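Okay, structure first, notes after.
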Amino acid sequence: MSQVSNSFDPTFDPSYCPATIVEALKRNAVYEQYGYTFLDNALKPTRYSYKQLWAASEARARLLMARGYQRGERVAMVLASPEDFTVTFYACLIAGLVPVPMFPPLSFGKLDSWADSAVGIMQVAGASLLLTDKQLSNVLWQVMPKVKTLRDLLTVDKLDDVAPSTASLPVITANDLAFLQFTSGSTSAPKGVMVTQASLMANCFAISSEGMSLRPGQDVGVSWLPLYHDMGLIGFVITPLIAAVDIVFIPTMAFVKRPNVWMQVMHDYKATLSFGPNFAYALAGKRASQKEIATWDLSRVRMLGCGAEPINAQVMAEFVEALAPCGLPSGAIMPAYGMAEATLAMSFRKPLTELKVLNVDADAFRAEGAVTAPKDDAVVLSFVSCGKAFAQHALGIIDTDGVLLGEGREGEIVFRGPSVTAGYYKNPDATASCFRDGWLRTGDLGFLQDGEVYITGRCKDLIILNGRNHHPQTIEWVVAELDGVRRGNVVAFSRPGRASEELVVVCEVKTDAADVVERVTRAVADQLSLKVSEVVTLRAGQLPKTSSGKLQRRKTREMFLSGELATQGDRTLGSSGEKLTVARHVARGIIGRVSHSLFGNRTPSAPAATEMRDGALSAK
């Protein structure tokens with residue numbers, strides 16, 4: 001195990017906010033005691049001090065400049081390695097290029113939909129260059145003819161085939177576009193959030209100083225979060241840079257395959273902070289063995305952030321209880337709220353404060369959105385506080401007419417402040433609908449109580465049955481607790497019925513599950529007094545999810561209504577069908593590469609295209 005620094009540098013000023021990421025990188029280039037540690041799948045470390053990070057990033061920036069890429073051009077990045085991703089991302093910023101982080105293919109079974117999504121993102125971004133690694137390039141060459149703005153596809157190991165540029169580095173300003181963060185929702189048209197240097201620095205500084213209260217030389221962070229997602233990139237690559245603290249990166253797939261590696265690395269590196277969504281805590285608490293718990297020391301932990309979806313208080317309590325023997329503080333869980341359009345975070349609870357759960361009368365809340373104390377025999381709904389808005393920022397609640405509501409009333413959450421991004425790239429209509437009158441309309445439902453925000457759901461996911469509002473996660477959490485149901489893999493929505501909307505529950509089940517349909521129907525009726533009209537059971541990996549692991553309720557509903565549910569391939573690996581899918585995409589990649597070498601990104605004639613296809617397939 002490689003040891004990270006735990007000494008304090010009295011010359012570092014944590015109260016200063018750099019104007020740009022490049023300024024922060026340059027400032028930190030004097031520090032050899034702080035930096036990033038990248039673990040491989042075997043947990044073998046590769047260490048970059050901040051001094052080494054600047055040197056590696058600047059060198060790669062000069063290689064990009066040497067290839068003629070100009071300030072402001074967009075660079076699509078499909079890089080599975082956190083080390084390659086981080087150095088390349090910073091290199092683009094130093095060179096004045098605009099990185100477009102993209103998720104790599106998460107499984108072979110869904111390469112078709114992944115390729116379509118990748119093409120859509122690059123077309124919207126108008127990417128000039130696609131950067132990837134050698135392994136993924138075999139599949140990615142197929143997108144070249146479909147994205148007319150692309151001039152080349154390069155693998156990071158080939159960047160140094162040219163001499164580095166000796167030209168002066170561009171001057172980066174606070175008003176410059178830093179990168180495009182494409183939202184991971186279920187809509188067909190991708191939307192690229194324009195994250196400026198100014199909004200990025202404002203949000204990262206608020207997170208580091210108010211949210212996490214980062215301490216240079218004392219805090220050590222651990223993250224398995226994918227870096228193409230805003231929580232992983234902004235929360236654990238860029239924000240720690242602002243405070244010059246140490247961060248240890250676990251490969252995302254290492255966590256997916258073995259969730260207990262998360263707390264193992266927290267123990268190994270004496271970490272004080274980390275972050276993850278609901279499902280990660282459910283997995284980590286469940287998979288930790290008694291032998292591991294007996295050896296782990298988590299007493300130094302002061303913050304385990306939770307966000308990205310409504311927070312299940314029961315899951316958090318079970319996690320804390322399971323790991324209490326490791327010395328995990330009872331107040332370690334820190335709920336937070338945010339979204340890409342706000343750069344990342346909008347509110348945090350204070351570190352090392354107990355989880356704040358508010359119980360409300362279910363009938364009054366469903367009927368009127370009113371937050372009232374429950375009666376003795378009333379059905380109760382529980383919501384978790386995500387804290388207050390950062391200084392110089394504000395959270396509000398509006399009704400369907402856009403009128404601000406007072407505390408204790410549910411409505412759409414709105415947000416304003418210097419962290420709000422510049423809108424969607426080349427999409428003025430979407431920007432106008434989301435950013436109004438100085439407020440960002442989040443599309444999330446919630447309420448304020450004592451100045452703290454409570455998230456209750458998504459506006460478009462709301463289920464209305466017999467005139468009453470029901471949040472899908474309330475139903476999903478009940479079903480997820482049943483034996484045979486895969487926890488965190490349940491979706492509830494409504495469908496049109498003869499007289500009114502009807503409730504549908506879709507869940508992934510374990511192979512030995514029996515009588516699940518009956519038990520789901522009974523549990524929802526007993527606990528929520530709701531009738532389930534249909535229960536759909538799926539195999540593991542068949543529920544649609546975003547690249548960051550969030551359930552896609554709207555897409556699940558659309559697929560259910562069209563009869564396509566469970567026909568798009570699993571998220572698991574190894575079937576013969578997947579091998580055929582991979583072979584088909586590699587063949588397309590060969591065609592794309594040959595086409596690019598012969599014609600650039602001009603479309604070849606039909607006879608030439610047929611000849612290339614036949615040759616590529618023969619080669620296979």
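The values are calculated or read from the model by the stated rules, or taken from the named source; none is laboratory data. All figures in this text were calculated on a predicted structure; none of them were measured in a lab. Ideal geometry is used to build each Cβ from the backbone, glycine not excepted, and the neighbour counts take in all protein chains shown. Only protein heavy atoms, including side chains, enter the accessible area calculation; ligands, DNA and RNA are left aside. Shrake-Rupley method; radii C 1.70, N 1.55, O 1.52, S 1.80 Å.
Can you give me the C-alpha center-to-center distance between region 254-290 and region 18-58, rounded to a whole angstrom?
24 Å
Please report how many Lys pairs in region 151-308 have alpha carbons closer than 23 angstrom, counting only residues at least 8 apart along the chain or sitting on separate chains.
5
Of the beta bridges DSSP finds with both residues in region 21-205, what % are antiparallel, to the nearest 5?
About 45 percent, rounded to the nearest 5.
Quick one: pull the percent of accessible area on the chain belonging to carbon and sulfur, 1.4 Å probe, ligands and nucleic acids left out.
51 percent
Heavy-atom accessible area of Arg436 with all protein chains present, probe 1.4 Å, nearest 10 Å²?
It works out to around 110 Å².
Specify, per residue and in Å³, the volume enclosed by the convex hull of the alpha carbon atoms belonging to region 139-260.
206 Å³
In whole percent, what relative contact order does the chain give with Cα contacts below 8 Å and a gap of six or more residues?
13 percent
With all protein chains present, calculate the accessible area of Ser529 using a 1.4 Å probe and round the result to the nearest 10 Å².
90 Å²
Just for the chain, what percent of DSSP beta bridges are antiparallel, to the closest 5?
Here the antiparallel bridges make up roughly 60 percent for the chain.
Quick one: which of 378-391, 36-49, 195-208 comes out on top by average Cβ neighbours within 10 Å, and what's the full order, highest first?
195-208, 378-391, 36-49
So how compact is the chain: Cα radius of gyration and Dmax in angstrom?
Here Rg and the maximum Cα pair distance are 24.5, 78 Å.
Per 5 Å bin from zero, what fraction in whole % of the C-alpha pairs of region 258-457 is there, up to the bin with the longest pair?
Here the calculated profile for region 258-457 is 1, 7, 15, 17, 16, 14, 12, 9, 6, 3, 1, 0.
Rank these by accessible area, largest first, 1.4 Å probe: Glu564, Glu502, Glu476, Glu292.
The residues order as Glu564, Glu502, Glu292, Glu476, largest area first.
Could you tell me the extents of region 427-542's C-alpha atoms along the three principal axes, largest first, rounded to whole Å?
Principal-axis extents of region 427-542 (Cα, largest first): 53, 34, 33 Å.
Give the cross-link partners of Lys350 among the lysines, using a straight C-alpha distance below 18 Å as the criterion and excluding same-chain residues fewer than 8 apart.
Lys388
How big is the dipole moment of the chain about its Cα centre under a simple scheme where the beta carbon of each Lys and Arg is +1, that of each Asp and Glu is -1, and everything else is neutral? Debye, nearest 20, please.
Charge dipole, the chain, about its Cα centre: 1620 debye, nearest 20.
For the ranges 317-323, 97-103, 129-135, what's the packing order if you count other beta-carbon atoms within 10 Å of each residue, average per peptide, and put the highest first?
Packing order, densest peptide first, comes out as 97-103, 129-135, 317-323.
For region 32-173, what does the equivalent ellipsoid look like in terms of its semi-axes, each the square root of 5 times an eigenvalue of the Cα gyration tensor, given largest first in whole Å?
Here the semi-axes work out to 25, 21, 12 Å.
With a 1.4 Å probe and all protein chains in place, put Asp160, Asp483, Asp152 in order of accessible area, largest first.
Asp483, Asp160, Asp152
Compute the distance from the alpha-carbon center of region 320-372 to that of region 75-131, in whole Å.
Cα centroid of region 320-372 versus Cα centroid of region 75-131: 33 Å apart.
Write down the accessible area per residue of the chain in Å², having rolled a 1.4 Å probe over the full set of protein chains.
So the chain comes to 41 Å² accessible per residue, rounded to a whole number.
Can you classify region 346-423 as rounded, prolate or oblate using the Cα gyration tensor, where a ≥ b ≥ c are the square roots of its eigenvalues, rounded means a/c under 1.5, and otherwise it's prolate if a/b beats b/c and oblate if not?
Oblate shape, in that a/c is at least 1.5 and b/c is the bigger or equal ratio.
Rounded to the nearest Å, what's the spacing between the alpha carbon centres of region 431-459 and region 210-233? Just the number, please.
Each part reduced to its Cα centre gives a spacing of 25 Å.
For a protection proxy built on the mean count of beta-carbon atoms within 10 angstrom, sort 362-374, 211-223 highest first, please.
Going from most to least packed, we get 211-223, 362-374.
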